[in-house]
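To keep things clear, I will list the structure first and then write my remarks on it.
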Number of protein chains: 2
Amino acid sequence: VRTLYFDGEKSSLMAIDQTKLPSELKYIEIFTPRQLFEAISTLAVRGAPAIGVAAALGLYAIALRLEDKDTRGFRYSFKKIASFISSSRPTAVNLFTSCGRMIASLEYGESIEEIKASLKKTAFDIEREDVEMCHAIGRHGQALIKDGARVLTHCNAGSLAAVEYGTALAPVYEAVKNGRTVHVYAGETRPLLQGARLTCFELTRAKIKTTLICDSAASFLMQSGGVDLVIVGCDRMAKNGDFANKIGTLSLAVNAAYYEVDFYVALPSSTFDENLPDGKGIIIEERKPEEVTDMFFSSPISPAGVGVYNPAFDITPHTLVTGYITEKGIFKKPPI
Amino acid sequence: VRTLYFDGEKSSLMAIDQTKLPSELKYIEIFTPRQLFEAISTLAVRGAPAIGVAAALGLYAIALRLEDKDTRGFRYSFKKIASFISSSRPTAVNLFTSCGRMIASLEYGESIEEIKASLKKTAFDIEREDVEMCHAIGRHGQALIKDGARVLTHCNAGSLAAVEYGTALAPVYEAVKNGRTVHVYAGETRPLLQGARLTCFELTRAKIKTTLICDSAASFLMQSGGVDLVIVGCDRMAKNGDFANKIGTLSLAVNAAYYEVDFYVALPSSTFDENLPDGKGIIIEERKPEEVTDMFFSSPISPAGVGVYNPAFDITPHTLVTGYITEKGIFKKPPI
């Protein structure tokens, strides 16, 4: 399954509605700013690489429908929309980079048609680069995975988090392709359960042995010697190697260090933020309390009026990272 | 609210059905072996101290209804039932201790009426001791809680886990009684959400400031300096201070050590297991996969056929414990 693609006939972005998985595999069609913003903010499209590509292809679909008659108006409208889309989520840097590249490509072209061609090229470049980077991450990362390895992952940084193949799961897919047996432990990833819903969905579909655990069971699993290595994805990496990823990643890193289990981050270079010296500058999205108290439940699981702290991400210091798996190779130090 | 009590008129154990909280506050009546076994195994009655008291009072209610006509038959029937009840859950030692004490008190009495009186005394002793120990834990432990302190706890080791007052929350209640302001962070405690459902229920009822977090957010909260100390309960403690508690406790201990946040275990001495040299001998209950995949959900959150590893407890090594809060005081070393 391809997480998202540009439908040439409809001139629209098509994306799997990931809020419906695993019970329903359904694509949504996106061609307006509001649709694109909502697809990203409600997590129908999620995962840093996928968000980046969706923003690019979605903005191209929107550009094709702009009604401005002169290049100045066209550029103005597009910029306004791109910065609106850029605000749909605060943490993943891929979103800002994609919107920025699309805005920059407005400058190439003398006519609206030429500008549209420039936007098209940039959008498809971003998509192609994502696919290539994920496959390269897989080829480099597979060397870490021995036959019979037990890999713990968190959230979903698999094919559903990118156009295909994914980041953290790319080494697993590649190792399996090379004939090795891999057993993945998937942390369920509260509150929105991307591990239980998405990682288990794509891995069981690929017939890879998968065991679901509650996030809080990871420490006990490592203590029992059940984990050979941890591989997680990344939403934004600072220059010193600190990185933001789904809430719960930090706890895994602290535990992995304590048990001396290797802890790897898989990330395409589109996730690097060269403007940030360290993790302290990363804005952590706080999402609504109902994700914790009500989500998926018919009635609230906690009493009315209780406070809720619901950070969507946390920041893992580079001191806890064994290595960074990128499309250029595996690095012990942050590769920027 | 009293978690459980013996109703003299009905000659039955009455216990809050904790699977119904927080939406419904309802007592169930228990007077048969099957009812008592099910109340414990389904977690209607849960929390190591509460399980111990429920076993004692429940066995007394059952004894009052035994139809054996001679003391030998009575003792035989009671022992058989007590060992059945003893098998209702494997981890909390209070259950075995209570059943053992009830069996031992069969020896006091020449007639069935005298034996029943002996069972009654033991059952009410166990209940009274639990209440006294919890209050003493509160009086000792409150010294650790400064005005404005932010306390992180896991699962529910509050009044609902005992007859009243609780263990890990007893110091909080006592500090509040002494006029101090306390802010409790409650880990939701997947899979069965005792933190979200029970701890939030009893603390908001007691008008104590409470913030619910996903278990995996605790590390980020500690990293941000948001936690002054961690206090958890205990299901069984070995001689060297290793202890079993709800799955997720171990991860909090590892994180607390990493961030140098004080980590305390509150436990009455009924939770000590003098026969165990260390935590390796503690049997960890593995509960059914559906608790993770289906519990509270209208449809499964993960695809059919995925494996699930669902340990209900984990074992925290004594090396990660700052101190043990017991009814006799606070100890740096295991108090047995």
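The values are calculated or read from the model by the stated rules, or taken from the named source; none is laboratory data. Remember, it's a predicted structure, so these values are computed and weren't measured experimentally. For neighbour counting, all protein chains shown are included, and Cβ atoms are generated from backbone atoms with ideal geometry for every residue, glycine included. All accessible areas refer to the heavy atoms of the entire protein, side chains included, with ligands and DNA or RNA removed. Shrake-Rupley method; radii C 1.70, N 1.55, O 1.52, S 1.80 Å.
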| lysines whose Cα lies under 17 Å from that of B:Lys69, excluding same-chain neighbours fewer than 8 positions away | B:Lys79, B:Lys80, B:Lys116
| query | Interface A/B, total buried accessible area with a 1.4 Å probe, nearest 100 Å²? | reply | 4100 Å²
| query | Among A:Ala256, A:Ala54, A:Ala143, which one moves the most in a GNM of chain A with springs linking Cα atoms closer than 10 Å? | reply | A:Ala143
| field | For chain A, size of Cβ-based charge dipole, Lys and Arg +1, Asp and Glu -1, in debye | value | 260 debye
| Using a label position 7 Å from Cα in the Cα→Cβ direction, what is the ascending list of nm distances from A:Glu24 to the same site in the other copies? | 3.0
| message | If I take the Cα coordinates of the range B:1-141 and project them onto the principal axes, what are the three extents in Å, biggest first? | response | 45, 33, 31
| Alpha-carbon Debye profile of the range B:185-251, log10 I(q)/I(0) at 0.25, 0.27, 0.28 Å⁻¹ | -1.19, -1.26, -1.29
| request: Tell me which residues come under 5 Å, amide H to amide H, from A:Arg89 once H is placed; ignore anything under 5 positions away on its chain. | output: none
| task | Tabulate in residue order the Karplus-calculated ³J(HN,Hα) for the range A:240-253, using 6.51 cos²θ - 1.76 cosθ + 1.60 with θ = phi - 60°, rounded to whole Hz; enter x for Gly and Pro. | result | 7, x, 4, 9, 9, 8, 2, 3, x, 5, 4, 4, 5, 5
| task | Under 13 Å from the Cβ of A:Glu132, count the other residues' Cβ atoms, weight Lys and Arg +1, Asp and Glu -1, and hand me the total. | result | -3
| field | Pair-distance profile P(r), taking every C-alpha pair of the protein assembly as shown, with 10 angstrom steps and integer % | value | 3, 16, 24, 22, 16, 10, 6, 3, 1, 0, 0
| Å² per residue, accessible surface of the range B:175-226 at 1.4 Å | 29 Å²
| request: Express in Å², to the nearest 10, the accessible area of B:Asp273 obtained by rolling a 1.4 Å probe over the protein heavy atoms while all chains stay in place. | output: 20 Å²
| note | Measure of exposure for A:Met222: accessible area at 1.4 Å probe, Å² rounded to 10, is 10 Å²
| request: May I ask you to find the residues of the range B:239-275 that are shielded by at least 10 Å² of accessible area once the whole protein assembly is considered instead of their isolated chain (probe 1.4 Å)? | output: B:Ile247, B:Gly248, B:Leu250, B:Ser251, B:Val254, B:Asn255, B:Tyr258, B:Tyr259
| field | Simple Cβ-charge dipole of the range A:66-219, Lys/Arg +1 and Asp/Glu -1, about Cα centre, in debye nearest 20 | value | 480 debye
| Which of these, B:Lys121, B:Lys288, B:Lys239, has the largest mean-square fluctuation under a Gaussian network model of chain B (Cα springs below 10 Å)? | B:Lys288
| Once the whole set of protein chains is in place, how much accessible area is left on A:Arg287, using a 1.4 Å probe, in Å² to the nearest 10? | 50 Å²
| said: Given R₀ = 22 Å, what would the calculated FRET efficiency be for B:Asp294 paired with B:Phe84, taking r from the Cβ atoms and rounding to 0.05? | reply: 0.20
| Taking chain A as a Gaussian network, where each spring joins two C-alpha atoms under 10 Å apart, which residue of A:Gly233, A:Gly279, A:Gly166 fluctuates the most? | A:Gly279
| query | Of the heavy-atom accessible surface of the protein assembly as shown (probe 1.4 angstrom), what whole percent is carbon and sulfur? | reply | 51 percent
| task | List the relative contact order of the range B:100-189 as a percent without decimals, with contacts defined as Cα pairs under 8 Å and 6+ residues apart. | result | 28 percent
| note | Sorting from shortest, the nanometre distances separating the label point of B:Val1 (7 Å past Cα along the line to Cβ) from those of the same residue in the other copies are 4.0
| Pairs of lysine residues in the range A:164-317 - Cα separation under 22 Å, sequence separation of 8 or more or cross-chain | 5
| field | Nitroxide proxy distance, nm - points 7 Å out along Cα→Cβ at A:Glu114 and B:Glu114 | value | 11.1 nm
| Got a sec? Which residues of the range A:158-197 lose 50 Å² or more of accessible surface with every protein chain in place, vs. that chain alone, 1.4 Å probe? | A:Arg190
| field | Fraction of antiparallel bridges per DSSP, the protein assembly as shown only, in percent to nearest 5 | value | 45 percent
| Using a label position 7 Å from Cα in the Cα→Cβ direction, what is the ascending list of nm distances from B:Gly73 to the same site in the other copies? | 10.0
| task | State the volume of the convex hull built on the alpha-carbon positions of chain A, expressed per residue in Å³ and rounded to an integer. | result | 138 Å³
| request: Just add up the charged neighbours of A:Ala149: K/R +1, D/E -1, any other residue whose Cβ is under 15 Å from the Cβ of A:Ala149. | output: +1
| said: Probe of 1.4 angstrom, ligands and nucleic acids ignored: what's the accessible area per residue over the range B:229-336, in square angstrom? | reply: 38 Å²
| request: Quick one: order B:Thr122, A:Thr322, B:Thr181, B:Thr316 from most to least accessible surface, probe 1.4 Å. | output: B:Thr181, A:Thr322, B:Thr122, B:Thr316
| query | With charges set only on the Cβ (+1 for Lys and Arg, -1 for Asp and Glu), what does the dipole of the protein assembly as shown come to about its Cα centre, in debye to the nearest 20? | reply | 20 debye
| request: May I have the convex hull volume per residue, in Å³, for the Cα set of the range A:126-200? | output: 72 Å³
| task | Add +1 for every Lys or Arg and -1 for every Asp or Glu among the other residues with Cβ under 13 Å from the Cβ of B:Glu286, and state the total. | result | -1
| Solvent-accessible area per residue for the range B:1-138 (1.4 angstrom probe, square angstrom) | 42 Å²
| field | Within straight-line cross-link reach of A:Lys26, aspartates and glutamates at Cα separation under 13 Å, skipping those fewer than 8 residues along the same chain | value | A:Asp17
| query | If you wrap a convex hull around the Cα atoms of the range A:209-336, how much volume per residue is inside, in Å³? | reply | 141 Å³
